[in-house]
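The structure under discussion is supplied below as structure tokens; questions concerning it will follow.
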Amino acid sequence: MLPFKLLQNKTVLITGSNRGIGKVAVEVFAMNGASVWACARKETPEIEYFLNNIAAKYGVNVRKLYFDLTNEIEIRESLKTLVTEKCKIDVLVNNAGIAHGGFLQMTPISKIKEVFEINFFSQLLIIQYVSKLMMKQKSGSIVNMASIVGLDGYPGYTAYGSSKAALIYATKTLARELAPYNVRINAIAPGLTETDMAMQMEGKAKDKMVNDSAMKRLAKPEEIANMALFLASDLSSFVNGQVMRVDGGM
Ligand SMILES: NC(=O)c1ccc[n+]([C@@H]2O[C@H](COP(=O)([O-])OP(=O)(O)OC[C@H]3O[C@@H](n4cnc5c(N)ncnc54)[C@H](OP(=O)(O)O)[C@@H]3O)[C@@H](O)[C@H]2O)c1
């Protein structure tokens, strides 16, 4: 743990906070003094327990928003709360996402659209809401969770990789559009990371990714969360429009 808190008096909104990288990031942010708007698909006793525990453990405010990223109305209804309450959001971490493996010829277009709905369109909608708040307050940092698959070609990952590549393009363009408002936006491109997502991956493809990495192992979720912390904090005050690979060297 760092000897000082990097996000004291800051508020972070993060999606996919119930498991995987997002859940670990919630704790890393809270540990660093941030209040958290934790977003998840649905309310469950497990997530309520986890978030209440985080609030008590680190003495920070943790509020919850529940919406499904395939449901535009739910997203809008939830995010309206931020606007009506004139909330100050310092950091947005667009973390939630789904993977999909399968050759293009065997993938229905409806599936590709679903992947884009979750990994790209919903992320843009959330950025629309939150960036407006950030532009008004003239400060903010947005972190989009992309993937090395959105940068490098991986056979069988056309849908997933294209959705992440689209998010990377949006990151680079929005970096130029938002900079005049003192809002930064960057992306993280994790390599294979020890979460449910990686566990669901087909064995050979998984082995290849691990072997491609100089460090020959999967990332730990906290190694990705720590990059999100860096990009969220003022330590990265001149980092904008970048895609930070966290892949053990590829
Ligand atoms: N793990 C890796 O190897 C890896 C590598 C590169 C990039 N990434 C990226 O890192 C991010 C986090 O991945 P992870 O490894 O933590 O995956 P994970 O363990 O599978 O968690 C995915 C998260 O996204 C949420 N989510 C998925 N679909 C949703 C929907 N329709 N509505 C609301 N929430 C939804 C999940 O909620 P539910 O529990 O409700 O499903 C869950 O919280 C993703 O964007 C992923 O693409 C992961």
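All of the numbers you see were taken from the coordinates with simple rules; none came from a lab. Source: prediction; values computed, not measured. Here the Cβ positions follow ideal geometry from the backbone for every residue, glycine too, while neighbour counts run over all protein chains shown.
If packing is taken as the mean number of other Cβ atoms within 10 Å per residue, what is the order of 21-30, 37-46, highest first?
Numbers: 21-30: 25.0, 37-46: 17.2.
Result, highest mean first: 21-30, 37-46.
Restricting attention to the range 56-119, which trypsin sites (Lys or Arg not before Pro) occupy a DSSP loop and are surrounded by at most 16 other Cβ atoms within 10 Å? List each step's numbers first, then the result.
On the way: sites: Lys57, Arg63, Lys64, Arg76, Lys80, Lys86, Lys88, Lys111, Lys113; in loops: Lys86, Lys88.
Here the sparse-neighbourhood loop sites are Lys86, Lys88.
Let me ask something additional. So what is the calculated 222 nm ellipticity per residue for the chain, using -39500 (n - 2.57) for each DSSP H run with n of 4 or more, over all residues, to the nearest 500 deg cm²/dmol? Each step should come with its number before you reach the end.
Values: 9 runs with 110 residues, N = 250.
That calculation yields -13500 deg cm²/dmol at 222 nm.
What is the sum of charges around Thr70, taking Lys and Arg as +1, Asp and Glu as -1, for the other residues whose C-beta is under 11 Å from the C-beta of Thr70?
Numbers: positive: Arg41, Lys113; negative: Asp68, Glu72, Glu74, Glu114, Glu117.
Value of the local net charge: -3.
Evaluate E = 1/(1 + (r/R0)^6) for Ser110 and Lys64, where r is the Cβ-Cβ distance and R0 equals 35 Å; express this FRET efficiency to the nearest 0.05. Show your work: numbers first, answer last.
Details: r = 31 Å, r/R0 = 0.88.
Between Ser110 and Lys64 the formula returns 0.70.
Okay, moving on. Which value, to two decimals, describes the C-alpha radius of gyration of the chain once divided by 2.2 N^0.38 Å?
In units of the 2.2 N^0.38 Å rule of thumb, it is 0.96.
Taking θ = phi - 60°, what integer Hz values does the Karplus form 6.51 cos²θ - 1.76 cosθ + 1.60 yield along the range 139-145, in sequence order, with x for Gly and Pro?
Listing the rounded values in order: 6, x, 9, 10, 10, 9, 8 Hz.
So, one more: Out of the range 141-250, which chymotrypsin sites (Phe, Trp or Tyr not before Pro) are coil in DSSP terms and have no more than 11 other C-beta atoms within 10 Å? If you can, show how the numbers build up before the last one.
Working: sites: Tyr157, Tyr160, Tyr169, Tyr181, Phe230, Phe238; in loops: Tyr157, Phe238.
When the chymotrypsin sites (Phe, Trp or Tyr not before Pro) of the range 141-250 are filtered for loop state and at most 11 Cβ neighbours within 10 Å, Phe238 remain.
Now for a different question. Give me the extension gain from Ala205 to Lys86: residue separation times 0.36 nm, minus the current Cα-Cα distance, reported in nm with one decimal. Intermediate values should be presented prior to the final figure.
Values: separation 119, 0.36 × 119 = 42.84 nm, distance 4.57 nm.
Difference between extended and current length: 38.3 nm.
Further question on the same structure: In whole angstrom, how far apart do the alpha carbon centroids of the range 163-227 and the range 90-147 sit?
Value for the Cα centre distance between the two parts: 13 Å.
Rounding to the nearest 20 debye, state how big the charge dipole of the chain is about its Cα centre with +1 on each Lys and Arg Cβ and -1 on each Asp and Glu Cβ.
Numbers: 29 positive and 23 negative charges, 109 e Å.
Approximately 520 debye in magnitude.
Applying 1/(1 + (r/R0)^6) with R0 = 25 Å to the Cβ-Cβ distance of Asp152 and Asn226, what FRET efficiency is obtained, to the nearest 0.05?
On the way: r = 22 Å, r/R0 = 0.89.
That pair, Asp152 with Asn226, gives E of 0.65.
Only four residue types carry charge here, +1 at the Cβ of Lys and Arg and -1 at the Cβ of Asp and Glu. Report the dipole size of the range 44-95 about the Cα centre in Debye, rounded to the nearest 20. Provide the component values of the computation, followed by the final result.
Values: 7 positive and 8 negative charges, 61 e Å.
Using Cβ point charges on Lys, Arg, Asp and Glu, the range 44-95 gives about 300 debye.
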